[in-house]
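Enquirer: My questions all concern the structure below.
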Amino acid sequence: MDTKHTLIFGNSMSMKEISDESIHLIITSPPYFNAPFDYKNLFENYDQYLGVLDRVAKESFRVVMHGRIFVLNIDDMLVDGVKYPIVADAIKIFQKAGFKYRDKIIWKKPDGYLRISKRSGVLLQHPFPMYFYPDNLLESMVIFQKGRFNYKSIDSNIRKQSIIDTDEFKGKGWYKTIWEITNVLPFIGIYKRLRNHFPVL
């Protein structure tokens, strides 16, 4: 079946190019709040960051079709010794925008992929309980829904074409709330060169 794809370079806080209730699925991973390695000092403060999420939530609610899904890949962030409850705050923001909080999937990255970070490295230098800061191997994929989906509204032929391969579904563990997926590994090969030439803005 032929498909048509449109690439838009725009602002997710104001998606004027997209009409109301025209999108079936949104999956997005916004910048981490002032992450020391990638987005240091990108936002003036945490309230500004939450304000951006609020505008994205409202605009996304406008463009998503009734019954359809919005997935937010996000997680809490430790910045200058302060832990920010980003997942909890984001859930409240999207609920306020009108979305129903449907579920949360935890993305677990492979054990040992991280170098010794500033978090766990502190304990190695000062092996006492109050110096413990664990390395973070997890991210959250928070699933929201706009209203309820009417399964009977879908044509039977389209439903047949949309059947999920249950063997793959079970074999790869997609039915769980923890997905083990290898991320793009930092500081190696082409990824390192791309980071040097195309810095994240």
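Only the coordinates and a few stated rules stand behind these numbers; no lab work does. Just so we're clear, the structure is a prediction, and the values are computed from it rather than from any experiment. Neighbour counts run over all protein chains shown; Cβ positions are idealised from the backbone, glycine included.
Enquirer: May I ask you to sort I158, I105 by Cβ crowding, counting other Cβ atoms within 10 Å and putting the fewest first?
Expert: Values: I158 8, I105 17.
Ranking I158, I105 by Cβ neighbours within 10 Å, fewest first, gives I158, I105.
Enquirer: Cut-off is 10 Å between beta-carbons; in what order do S156, S22 appear when sorted fewest neighbours first? Mind showing how you got there, number by number?
Expert: Numbers: S156 7, S22 11.
Ordered by Cβ neighbours within 10 Å, fewest first: S156, S22.
Enquirer: Here is a follow-up. Where does each of T3, T28, T177 land when they are ranked from fewest to most other beta-carbon atoms within 10 angstrom?
Expert: Listed from fewest to most nearby Cβ atoms, that is T3, T177, T28.
Enquirer: Once label points are set 7 Å from the Cα along Cα→Cβ at both V52 and D167, what is their separation, rounded to one decimal in nm?
Expert: Roughly 4.4 nm, to one decimal.
Enquirer: Ok, one more. Take every Cα-Cα pair in the chain and report what % of them are more than 29 Å apart.
Expert: On the way: 7477 of 20100 pairs.
Within the chain, distances greater than 29 Å cover 37 percent of Cα pairs.
Enquirer: About its Cα centre, what dipole magnitude does the range 23-197 give when the only charges are +1 on Lys and Arg Cβ and -1 on Asp and Glu Cβ, stated in debye to the nearest 20? Numbers along the way, then the final one.
Expert: Details: 27 positive and 18 negative charges, 98 e Å.
Computed about the Cα centre, the dipole is about 460 debye.
Enquirer: Roughly what % antiparallel, to the nearest 5, for the DSSP beta bridges in the chain?
Expert: Values: 17 of 25 bridges.
Among the beta bridges of the chain, antiparallel pairing accounts for roughly 70 percent.
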